[in-house]
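Only one structure is covered here, and it is reproduced in the block below.
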Amino acid sequence: MKERVSYVAGTDIGGTFTDLVAFGERGLVCSKSATIADAPERGVAECISLAELSPGGLSELLHGSTIAINTVLECKGTATALLTTKGFADVYAIGRANRPQSFDLDFERPRPLVGRQLRLEVDERIDGAGAVIRPLDGAQVEELGARLVAAGVLGVAICFLHSYRNPAHEAEAARLLRERHPQLFVTASHEILREIREYERTSTTVLNAYIGPKVDGYLGELDRFLTGRGFRGSLQIMRSNGGTMSVEQARRQPVWMMESGPVAGMIGAAELARLLGLKSAIGFDMGGTTAKATLIDGGVPLFREGYFIGGPASGQPMQLPVVDVIEVGAGGGSLAWVDTQDALRIGPESAGASPGPACYRRGGTLPTVTDANLLLGRLNSRRFLGGGMTLDVKLAERALQAGVCQPLGMALRSAARGIVQIADTMMSLAVRAVSMERGIDPRDCTLIAFGGAGPLHAVAVAREINIARVAVPRYPGTFSALGMLLAAWRQDFVQTFVAELAGIDGAEVDRQFALMAEVGWRQLRKDGLDAAELVLVRSVDLRYRGQDHALAVPLEGAPLDSTRATTLREVFDAMHERHYGHAAPGEPVEIVNLRLSMHVPRDRKFVERLLAAPHEARASKQPHSSRDVIFGDAQRSEAARIVWRPDLEVHDIVEGPAVIEEENSTTLIHPGDVARVDELGIIMIDVAPA
């Protein structure tokens with residue numbers, strides 16, 4: 001009989017593994033199981049069982065998943081229709097005229113998720129000031145709804161012209177469809193965001209409708225599954241902005257959870273950077289399917305308002321605030337393959353959880369990064385996942401021989417070393433993108449490495465771009481799930497409000513902020529949270545007149561009057577100088593959008609108990625051992641010291657070559673590198689110059 005105690009738990013469903021971290025009366029407990037693609041909720045249940053908990057013992061469960069983004073990337077969403085203003089059915093297909101990859105002869109524009117036959121025009125019109133020019137034809141909406149149901153459509157996106165200013169027509173069309181055809185998953189653009197940029201607003205709305213039925217069904221099944229097993233706590237879903245929302249809101253607006261899994265680890269890395277007093281850090285997460293990187297400035301991860309699902313060149317635009325994560329298809333399960341030019345490639349396809357890498361003995365026959373690491377001696381075949389899975393060296397050899405060695409005429413060790421080196425280079429480019437391309441010198445950063453495979457590759461990635469220090473937190477293999485326990489409840493709002501800053505109507509600005517705040521207050525009360533803990537952060541998007549894009553400037557303190565406007569102008573000029581290298585103090589400045597963030601942060605004592613608990617080594621020690629490991633030269637192995645991480649004491653030093661093993665991850669210390677254990681149990685690695 002499992003102990004029924006009150007725990008807060010975080011679960012992260014990745015492409016290969018499902019992780020759980022729970023914190024309560026017995027302290028911190030972790031577990032990991034293989035992701036079950038057809039029934040991911042079973043993976044969550046398995047993790048709860050492995051942690052020796054019961055659903056009834058959880059007061060709160062925070063959940064992140066890749067189901068939303070994978071639905072888009074794999075084009076497995078529902079049949080979706082788009083209702084738009086008459087004359088504007090092709091805005092979604094036309095998109096933008098820019099060409100991000102100018103010299104790519106095979107460049108393709110983003111392919112609409114809605115075909116032309118399902119982009120339907122509605123007779124209505126509202127102007128840019130919000131005035132009704134042509135009333136909505138309700139009968140036409142009802143007739144279109146019947147046609148869509150007959151055609152087997154399940155998702156409907158509604159995006160009318162200028163609905164960010166006046167959503168009355170959208171709201172009425174959505175009401176008619178929901179009342180007449182409750183089987184339809186209807187999304188109106190003003191329910192997601194109220195911001196200009198017709199193409200991006202349409203794309204974001206379509207994304208919500210496209211993934212809605214699948215994600216709604218999944219979250220509903222997860223909720224019922226847990227409730228049926230005694231769960232009576234609060235089920236919260238990770239958002240792409242690093243906060244959480246109720247499962248009910250996530251089922252209505254699943255587009256907000258598009259990057260819910262990856263950002264959780266970055267929230268944890270940011271809190272860790274704050275505790276360590278790091279001015280600049282880079283979160284680096286390598287799992288089974290992908291590797292991710294995020295810049296952390298002053299203990300805060302960077303955000304961006306525009307995001308592309310599938311990459312900036314041909315991905316689907318999503319105009320919502322997202323933690324700025326750069327992602328590459330280089331995870332432990334990423335497949336190694338030979339292209340038509342006899343070049344060795346890695347990913348983006350992955351072996352996933354089933355069949356997984358060849359060495360997992362689950363039927364996989366194709367070579368992966370994990371197979372290569374095993375053949376290089378970097379992984380312990382008998383202690384993988386704390387001994388819960390035995391890796392098969394012979395199957396890994398067979399996969400590399402057939403998939404890489406024979407096509408390229410390479411020796412086995414050379415092929416394995418080449419696979420790992422290509423993966424390291426791919427990941428270093430992602431780390432470079434979030435630092436150097438943001439104007440930050442990576443040499444001034446600490447790389448915070450986590451994920452099941454992150455610490456295994458972190459030192460090599462750091463050395464590629466001259467990062468001098470790597471930090472490996474405790475529980476790195478389940479760190480994304482731990483990050484969920486640190487996430488705040490959060491709601492973000494935007495309202496387009498175009499006006500000259502110099503002559504701004506402060507009362508109207510305050511009224512617009514109050515309208516946004518009321519929506520947040522309603523959600524806060526619905527979710528049963530303490531209003532006394534609520535934090536409101538206001539900002540305004542400013543630009544010089546004639547510019548296309550704007551910068552978000554914090555709006556703090558006194559109401560927006562002429563004096564405050566002058567101060568804002570000075571702050572904006574300085575920000576523009578810092579971001580773009582120049583400013584134009586003589587040019588008029590416009591407000592474009594008003595932004596409001598409402599969040600209820602986690603108690604700081606709770607955060608410190610999770611991350612800053614004093615480290616204590618395990619009383620019973622594992623016997624010392626060594627193993628031959630290949631680091632640089634594929635033809636020469638070195639005897640590496642094998643260390644069991646729970647045995648390490650505070651201030652212990654581990655000099656490379658060494659392998660630090662723990663239940664859910666492995667840290668590789670290269671020759672010349674030195675690792676030290678700090679008071680919090682964090683492994684701090686000084687990276688030797690290349």
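Every read-out reported here was derived from the displayed coordinates using simple, explicitly stated rules and does not represent laboratory data. Remember, predicted model here, so these are calculated numbers, not experimental data. Neighbour counts run over all protein chains shown; Cβ positions are idealised from the backbone, glycine included.
Remarks
- Taking a point 7 Å from the Cα of VAL132 along the Cα-to-Cβ direction, the residues of the range 163-196 with backbone N closer than 15 Å to it are 163, 166-176.
- By the rule of a C-alpha distance below 18 Å, with chain neighbours fewer than 8 residues away ignored, the aspartates and glutamates paired with LYS621 are ASP647, GLU649, ASP652, GLU661, GLU662, GLU663.
- The GluC sites (Glu not before Pro) found in the range 1-52 that occupy coil by DSSP, while having at most 11 further C-beta atoms within 10 Å, are GLU25.
- Mean residue ellipticity (222 nm) of the chain, computed from DSSP H runs ≥ 4 via -39,500 (n - 2.57), nearest 500: -9500 deg cm²/dmol
- Estimated distance in nm for a label pair at HIS651 and SER59, the labels positioned 7 Å out from Cα along Cα-to-Cβ: 3.7
- In terms of overall dimensions, the chain has a Cα radius of gyration and Dmax of 26.0, 80 angstrom.
- GLN101-ASP342 FRET efficiency (beta carbon distance; Förster radius 35 Å; 0.05 resolution): 0.90
- Remark: the range 77-212 carries a charge dipole of roughly 120 debye about the Cα centre, counting +1 on each Lys and Arg Cβ and -1 on each Asp and Glu Cβ.
- Note on the range 560-612 and the range 623-690: Cα centroid distance 42 Å, given to the nearest whole angstrom.
- Between the range 132-172 and the range 468-516, the alpha-carbon center distance in angstrom: 31
- Loop sites in the range 605-690: trypsin sites (Lys or Arg not before Pro), DSSP, at most 13 other Cβ within 10 Å: ARG618, LYS621, ARG636
- Placing a pseudo-label 7 Å from each Cα along the Cα-to-Cβ vector at ARG178 and LEU408 gives an inter-label distance of 5.5 nm.
- Computed from phi, the 3J(HN,Hα) profile of the range 358-365 under the Karplus parametrisation 6.51, -1.76, 1.60 (θ = phi - 60°) reads 4, 5, 6, 6, 10, x, x, 10 Hz, with x in place of Gly and Pro.
- Leading residue at positive end of dipole, the chain (Cβ point charges), from ILE683, GLY14, THR365: THR365
- As a length-normalised measure over Cα pairs under 8 Å and 6 or more apart, the relative contact order of the chain settles at 12 percent.
- Note that the range 546-601 shows a convex hull volume over its alpha carbon atoms of 115 Å³ per residue.
- Going from the residue with the fewest nearby Cβ atoms within 10 Å to the one with the most, ASP38, ASP652, ASP392 rank ASP38, ASP652, ASP392.
- Cross-link partners of LYS526 among lysines (Cα-Cα below 28 Å; sequence separation of 8 or more within a chain): LYS214, LYS605
- Our note on the geometry: Cα centres of the range 181-210 and the range 5-28, 33 Å apart.
- When you filter the trypsin sites (Lys or Arg not before Pro) in the range 1-110 for DSSP loop state and at most 13 other Cβ atoms inside 10 Å of their Cβ, you are left with LYS2, ARG4, ARG26, LYS76, ARG96.
- Placing R0 at 22 angstrom, the Cβ-Cβ distance between ALA79 and GLU221 gives a FRET efficiency of 0.60 after rounding to 0.05.
- Share of alpha-carbon pairs per 10 Å distance bin for the range 489-600, given as whole %: 14, 43, 28, 12, 2
- Cβ-Cβ FRET estimate between ARG545 and LYS86, R0 fixed at 41 Å, reported to 0.05: 0.85
- Put a dot 7 Å past the Cα of ALA151, heading toward its Cβ, do the same for HIS582, and the two dots end up 4.8 nm apart.
- Given charges at Cβ of Lys, Arg, Asp, Glu: the chain dipole, positive-most of PRO442, PHE103, HIS651: HIS651
- Working value for the range 224-304: equivalent-ellipsoid semi-axes of 28, 14, 13 Å, each the square root of 5 times a Cα gyration tensor eigenvalue, largest first.
- Selection from PRO254, ILE94, HIS162 lying farthest towards where the dipole of the chain points positive, charges on Cβ: PRO254
- The residues neighbouring PRO585, those whose beta-carbon lies less than 9 Å from its own, together hold a net charge of -2 under the Lys/Arg +1, Asp/Glu -1 convention.
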